[in-house]
Amino acid sequence: MNGPPPAGVTIPIVPVTEDVALYEIRRKIYPRAVHGWFAGWRWSLVFLTQLVFYGLPWLTWNGRQAILFDLAARKFYIGGLVFWPQDVIYLTVFLILAAFALFLFTTVAGRLWCGYACPQTVYTEIFMWIERKIEGERLARIRLDAAPLTLEKFVVKTLKHSAWLAVSLWTGFTFVGYFSPIRDVGIHAITWQLGPWEAFWMLFYGFATYGNAGFMREQVCKYMCPYARFQSVMFDKDTLVITYDRDRGEPRGSRRKGVQPRSQGLGDCVDCNICVQVCPTGIDIRDGLQYECIGCAACIDGCDQVMDKMGYAKGLIRYATQNALTRGYDARTMWRRVLRPRTLVYTAVLVILSTLTAVSLATRNPLKVDILRDRGALAREAAPGVIENVYRVQVMNTDETPRSYMIRAEGFPGLVVRGVEQPIVLGPAQSRLLALRLQAPVADDAAPDAEHKTQTHPITFTIEAVADDKVVRHEKSTFIVPR
Ligand code: SF4
Ligand code: SF4
């Protein structure tokens, strides 16, 4: 019956319920192997990043590990540079530089970091390579997973997981080797003498690698990584993103090789689904730009191979900008627009900040000094007419040349340094905490200004390297004369 109900008739409202899943059930993705120009770049970056990550802790410098973040000693060694907690500004600058580099690359070409150099991408690539070598290509893996458990399947799976675990544990071991001397960690691991923290971090980092690259894979990018969510704010209409050329590809459809697509009312997309099968996140780039796309360009390589086979021009899926597609820019114009105010500002900030950091590192003073007044003994009379103040002075030789230092204080008549043997000798990257006493006479003839007896007087400590007057620090403090 249509129309409103008759007067006096009430129609009961039946609530419509619909089950909404809070969690999407994961559909396992079996990415197909892909070869091509971008796959070559991705593998080059896999090799490069892993060569750096696995190799750096084994390098030595001046008889010690070249790269070592010694948290226990609170010193970071990077080549010939030694960073102390007081150098935290460099860490801040490094993070700012990394952020601006990320902004620049993302503005120019989208998720370059995600697609080529992010550890999640790199280790997933390595783990998928192992998987392919042991379980076979995409179809073989699908069949193997669907097959009932047999001895052969058990052996193949055990082999794969053993290889994954070996890579993961080596990765965990290397990670720990950045914080404890790696050769010692190796000996401790072999002799089962790892400390609790070494063992914890090795296993934690190893299992994180195993879980993320072996099982979680695209889920880390889709659900855990915050970068995927805010990347779009860095995009503009001239950002290069991986794009399906809809005008050229549609209407999609299968056809025989050699047939002119336009004669059949078709575009260049043969609807082979290769671009979907090679995608590590399992999306269809033909549906447009999606946040799941990590910009790995596997679909470009996959589609280019299809285009080659069909005898069509490559680039149905390619790096393109929104402006290039809507305004029909040629490749030259599109690339020229990479240089735009936004990218120029990011580049300028990067260049200026990097230059300033390099200059600051090259000219930094290897002597650091912290002076604290001893709160327990502010001032006292050491002898009749002699006032003494106590200080805790930390002298740090932050580079690798042994040095000797002399220390003196000025700003109050008759100040003398007591309690330390001078010169103060410090080895490479060594620091010493000194309990230092300053004494000064306050008798009327030594302190003609009567005010000296009652005031807090500003003084200056000068710490100077013997035979190198460029290495010097002047630190302000106070000298207290009690009433
Ligand atoms: S859509 Fe293409 S570029 Fe994006 S993740 Fe999938 S294969 Fe990589
Ligand atoms: S790989 Fe290319 S031709 Fe094949 S479905 Fe994808 S876009 Fe179409």
* Structure fact -> Sorting Gly311, Phe94, Thr121 by the position of each Cα along the dipole of the chain (Lys, Arg +1; Asp, Glu -1; all at Cβ), the one nearest the positive end of that ordering is Gly311
* Could you work out the relative contact order of the chain, using alpha carbon pairs under 8 angstrom and six or more residues apart, expressed as a whole percent? => 13
* Among Tyr346, Thr460, Gly414, flag the residue with its Cα farthest along the positive direction of the charge dipole of region 329-483, charges on Cβ as +1 for Lys/Arg and -1 for Asp/Glu. => Tyr346
* To do: State the Cα centre-to-centre distance between region 58-134 and region 459-479 in whole Å.
  => 36
* Asked: When the accessible area of the chain is split by element with a 1.4 Å probe, what percent falls to carbon and sulfur?
  -> 64
* In degrees, nearest 10, range 0 to 90: what is the angle between the Cα axis of helix 298-310 and the longest Cα principal axis of the chain? -> 30
* **Size of charge dipole - the chain - debye, nearest 20, with Cβ of Lys, Arg +1 and Asp, Glu -1, no other charges** => 1540
* Structure fact -> Surrounding charge for Thr333, neighbours by C-beta under 14 angstrom, Lys/Arg +1, Asp/Glu -1, total +4
* Asked: Relative to the longest principal axis of the chain, what angle (0 to 90°, nearest 10) does the C-alpha long axis of helix 37-55 take?
  -> 30
* Please report, in debye to the nearest 20, how large the charge dipole of region 313-430 is about its Cα centre when each Lys and Arg carries +1 at its beta carbon and each Asp and Glu carries -1 there. => 1260
* **Acute angle (nearest 10 degrees) that the helix 119-135 long axis makes with the longest principal axis of the chain, alpha-carbon atoms** => 50
* **Accessible surface, per residue, of the chain when the full set of protein chains is kept, probe 1.4 Å, Å²** => 57
* Cross-link pairs beyond the 31 Å C-alpha cut-off, checked among Lys157/Lys222; Lys153/Lys314; Lys160/Lys309 -> Lys153/Lys314; Lys160/Lys309
* Under 23 Å from the Cα of Lys368 - lysines, other chains or at least 8 residues apart -> Lys75, Lys470, Lys476
* Asked: Taking only DSSP H segments of four or more residues, each worth -39500 (n - 2.57), what value at 222 nm results for the chain once the sum is divided by all its residues, to the nearest 500 deg cm²/dmol?
  -> -11500 deg cm²/dmol
* **Farthest positive-ward along the chain dipole, Cα basis, beta-carbon charges - from Ala331, Phe69, Met224** => Ala331
* To do: Please state the charge dipole magnitude for region 163-290, taken about the Cα centre, from unit charges on C-beta atoms (+1 on K and R, -1 on D and E), reported in debye and rounded to the nearest 20.
  => 460
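The values are calculated or read from the model by the stated rules, or taken from the named source; none is laboratory data. The structure displayed is predicted, hence computed values, not measured ones. With ideal geometry, Cβ positions are generated from the backbone for all residues, glycine too; neighbour counts draw on all protein chains shown. Note: accessible area is taken over every heavy atom of the protein model, side chains too, but ligands, DNA and RNA are not part of it. Shrake-Rupley method; radii C 1.70, N 1.55, O 1.52, S 1.80 Å.
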